[in-house]
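Presented below is the structure to which this report refers.
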Amino acid sequence: MKITEELIDKLANLARLEFQGSEKAAIREDIERMVGFIEKLNEVNTEGVLPLTHIHAEPIPLREDRVVEEVSHEQALKNAPDHDSDYFRVPRVLDKDN
Amino acid sequence: MLDYRAVIGLEIHAQLLTKSKIFSKDSAAYGGEPNHYISPVSLGHPGTLPVVNQACVEHAVLTGLALGCEITRENLFARKNYFYADLPKGYQVSQDKTPVCTGGGIRIRKSDGSDKWVRIHRIHMEEDSGKSIHDQDPFHTLVDLNRAGVGLIEIVSEADIADAEEAMAYLGEIRKIVRYIGICDGNMEEGSLRCDANISVMKQDAKVWGTKVEVKNMNSISNVGRAINYEIARQIELLEKGEVIRQQTRTWDASKGATVSMRDKESAHDYRYFPEPDLPLLVITDTYIDRVRLKLPKLPHELYAEYTREMKLPEQDAVILTENRQFAEYFSALVSEGIGPKAAANWCLGSVRSWLNAQALSIEHYPLSPSALSKIIMLVEEGKVSNTIARDKLLPLVLESPNANPIEIAQQAGWILEVAGDALGELIASVLEKFPQKVEEFRSGKTGLLGFFVGQVMQASAGKYDPKVINQEVQKKLSDS
């Protein structure tokens, strides 16, 4: 698969990363190698083989619906780059587009 | 409009009524102080791992059973990736390829009396995001993560809905069901029930659906109706002008009464779903489903059938009685106390409902238990107290002191009706003696005079007898001699 510059730009945008000049060429080569590896795997005939999503087959353990306070309000805010006494503070955003 | 028809599907997010969040132990309550219901998991701290709350799975399965869905046995969670400040991990844990429920549907009733089956496409489990506040600080967005990680189910309908009325009826039915089964409080103003609509229009005879537009942020059933009507009209107008409809996400602006573009398809998201590596397969067994099925209460349509077919109540009465599970249960309890269904329905839809409306309270707050109310109704049924006295005088007194014995109150107030006997016989005789002329006229065929005699006897007896009894006795007396 040809990794184009447009694709790099799209992926970078989705990952909120920025690549300048030679960085962009380097990441393009990296991604080409990664995609090449997957393409190699795709050559294997997997018809009738169920996808393996987890390496162990143990089913999920469930938790009782019980409230436990693990961290306090103050602890929660403490490590944030910016906050006031109530909220986390982030640069202003408007479009909630999810 | 006549040349066109609309194709509508709804996506309903229902916040699950659990104590703790779906993947962590912090409280899932609404309305806490900002950033107090949080945990390392819901804050998205590195190295933390999610553990599924069994109550969320149970709620999702219960919903699927109530809506007649197929329950998926092997469930995977998936990451839906996007960046937003109130989504601390940078992804939402959701379900992609294996929604917990598929198929099923619900019958809606339309205003013309007809009904329609609306199919469910799928129901999946996911976590809610936090809340962003944009209008408190001019330079920052403030983030509250109390809601981050609260369990949700998303109920996706098939595009079976044809207009605003059907959409509102469908949403109303879904809200009724989630409340009946107790998995969601259905409060659209507080956002515990949220609805998005996918709307497209096409010519009546067209084979291919039109381009769909998604409308968000309609926070009440009536806004869903308004937004759909607006959007259908907008799309038809564009088509009539020969313009194309752009695939868009639009937001409903209730103050403008219009939908406004949020983003075009070109800037649509690429969520890059992939299986959540931190959560292994969730297996739902037949035994588990059978156990959850036992928790299913009688559903509104089942109660409706019972009330109209077995109890022979009018349809309109049955609709109102089943609007709310607790109200229906109160009515059913009255009937179990031995009150006839029609009388029980009249009391519930009359005195009880008007008291609740006046106080703006729900039936859980009604001061009288079904058994206490049945004592009052019984007095009427047995002819001991007149219906009017019971409703207008006795009931208000008992409502004020719910522990009082209604019979004692009625006795003290002198509201107990005398039973027919010699005293009544003599009273009637004396009245008839006073009006020999009228008695003559009655006997020669002027039967309309019966009311006159009953009125005279009632007056003479100062309301001590049930009018029904007087009526019977007067008739008897007039035909006797």
Discussion item. Can you compute the modelled spin-label distance between B:Ala305 and B:Lys375, with each label point 7 Å from Cα toward Cβ, in nm?
Written reply: 3.8
Fill in: Separation of the A:Leu14 and A:Ser72 label points, Cα + 7 Å toward Cβ, nm
4.3
Discussion item. I'm a student and want to see the number: the projected area of the Cα convex hull of segment B:1-74, averaged over all directions, in nm².
Written reply: 9.2
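Across segment B:422-479, how large is the tail of the calculated P(r) beyond 19 Å, expressed as a percent of all Cα pairs? Numbers along the way, then the final one.
Numbers: 287 of 1653 pairs.
The proportion of pairs with Cα distances above 19 Å equals 17 percent.
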Worksheet entry | Accessible area buried, both sides summed, chains B and A with 1.4 Å probe, Å² | 4300
Response to the item:
Cα extents of segment B:300-413 per principal axis, largest first, Å, are 44, 30, 19
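I'd like the FRET efficiency for A:Ala25 and B:His269, computed as 1/(1 + (r/R0)^6) with the beta carbon distance as r and R0 of 22 Å, rounded to 0.05.
Details: r = 28 Å, r/R0 = 1.26.
Taking R0 as 22 Å, the efficiency between A:Ala25 and B:His269 is 0.20.
Quick one: net charge of B:Gly68's neighbours, Cβ under 11 Å, K/R +1, D/E -1?
With Lys, Arg at +1 and Asp, Glu at -1, the net is +1.
Give, rounded to the nearest 20 debye, the magnitude of the charge dipole that chain B has about its Cα centre when Lys and Arg contribute +1 at Cβ and Asp and Glu contribute -1 at Cβ. Could the numbers behind the result be given before it?
On the way: 55 positive and 65 negative charges, 80 e Å.
Computed about the Cα centre, the dipole is about 380 debye.
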Practice prompt. Give the whole-number value, in cubic angstrom per residue, of the convex hull volume spanned by the C-alpha atoms of segment B:4-289.
Written response: 152
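Are there trypsin sites (Lys or Arg not before Pro) in segment B:254-337 that DSSP puts in a loop and that have at most 11 other Cβ atoms within 10 Å, and which ones? Numbers along the way, then the final one.
On the way: sites: B:Lys256, B:Arg263, B:Lys265, B:Arg272, B:Arg291, B:Arg293, B:Lys295, B:Lys298, B:Arg309, B:Lys312, B:Arg325; in loops: B:Lys256, B:Arg272, B:Lys295, B:Lys298, B:Lys312.
When the trypsin sites (Lys or Arg not before Pro) of segment B:254-337 are filtered for loop state and at most 11 Cβ neighbours within 10 Å, B:Lys256, B:Lys312 remain.
Longer than 28 Å from Cα to Cα, which of B:Lys89/B:Lys212; B:Lys312/B:Lys477; B:Lys25/B:Lys212; B:Lys110/B:Lys342; B:Lys110/B:Lys295; B:Lys131/B:Lys176 are they? Say none if no pair is. The partial results should precede the final answer.
Working: B:Lys89/B:Lys212 31 Å; B:Lys312/B:Lys477 35 Å; B:Lys25/B:Lys212 39 Å; B:Lys110/B:Lys342 25 Å; B:Lys110/B:Lys295 30 Å; B:Lys131/B:Lys176 26 Å.
Beyond 28 Å: B:Lys89/B:Lys212; B:Lys312/B:Lys477; B:Lys25/B:Lys212; B:Lys110/B:Lys295.
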Item to complete: State log₁₀ I(q)/I(0) for segment A:17-81 at q = 0.20, 0.24, 0.26 Å⁻¹ as given by the Debye formula over alpha-carbon point scatterers of equal weight, solvent excluded.
Response: -0.91, -1.09, -1.16
Discussion item. Suppose we take every Cα in segment B:314-354 and form the convex hull; what volume per residue is that in Å³?
Written reply: 59
Fill in: As computed over segment B:360-481, the Cα convex hull volume per residue (Å³)
121
Discussion item. Per-residue counts of other Cβ atoms within 10 Å, averaged by peptide: what ranking do you get for B:369-377, B:18-26, highest first?
Written reply: B:18-26, B:369-377
Worksheet, complete the sentence: Quick calc, segment B:374-481, dipole around Cα centre from Cβ unit charges on Lys, Arg (+) and Asp, Glu (-), nearest 20 debye, gives 260
Discussion item. Could you sort the peptides B:3-10, B:223-230 by per-residue average Cβ neighbour count (10 Å cutoff), highest mean leading?
Written reply: B:223-230, B:3-10
Response to the item:
Checked against the positive end of the charge dipole of segment B:226-286 (+1 on Cβ of Lys and Arg, -1 on Cβ of Asp and Glu, about the Cα centre), the farthest of B:Leu238, B:Ala227, B:Gln248 is B:Leu238
Worksheet item: Relative to a virtual label point 7 Å from the Cα of B:Arg293 in the Cα→beta-carbon direction, which members of segment B:75-111 show backbone nitrogen distances below 20 Å?
Response: B:75, B:100-106
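Could you work out what % of the accessible surface of segment B:300-413 is carbon and sulfur, using a 1.4 angstrom probe and leaving DNA, RNA and ligands out of the count? Walk me through the intermediate numbers first.
Working: 2810 of 5790 Å².
C and S atoms contribute 49 percent here.
Hey, what number do you get for the protein assembly as shown at 222 nm if only DSSP H runs of n ≥ 4 count, each worth -39500 (n - 2.57), divided across all residues, to the nearest 500?
Numbers: 19 runs with 206 residues, N = 579.
It comes out at -10500 deg cm²/dmol, rounded to the nearest 500.
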Worksheet item: Once both axes come from the Cα atoms, what is the angle between helix B:221-240 and the longest principal axis of chain B, in degrees from 0 to 90, rounded to 10?
Response: 60
Worksheet item: At q = 0.12, 0.14, 0.16 Å⁻¹, what log₁₀ I(q)/I(0) does a Debye calculation on the Cα points of segment B:1-142 give, no solvent, two decimals?
Response: -0.65, -0.82, -0.98
Worksheet item: If one computes P(r) from the Cα atoms of the protein assembly as shown, what percent of pairs lie at distances over 33 Å?
Response: 60
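In units of 2.2 N^0.38 Å, what is the alpha-carbon radius of gyration of chain B?
Details: Rg = 30.6 Å, N = 481, 2.2 N^0.38 = 23.0 Å.
Relative to the rule-of-thumb radius for its length, chain B sits at 1.33.
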Discussion item. Which one, A:Gly21, A:His54, A:Val35, is farthest towards the positive end of the dipole of chain A when Lys and Arg carry +1 and Asp and Glu -1 on their Cβ?
Written reply: A:Gly21
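The values are calculated or read from the model by the stated rules, or taken from the named source; none is laboratory data. Fair warning: this is a prediction, and the values are worked out from it, not measured in the lab. Here the Cβ is made from the backbone with ideal geometry for all residues, glycine too, and neighbour counts use every protein chain on show. Accessible surface is based on the protein model in full, side chains and every heavy atom, while ligands, DNA and RNA are left aside. Shrake-Rupley method; radii C 1.70, N 1.55, O 1.52, S 1.80 Å.
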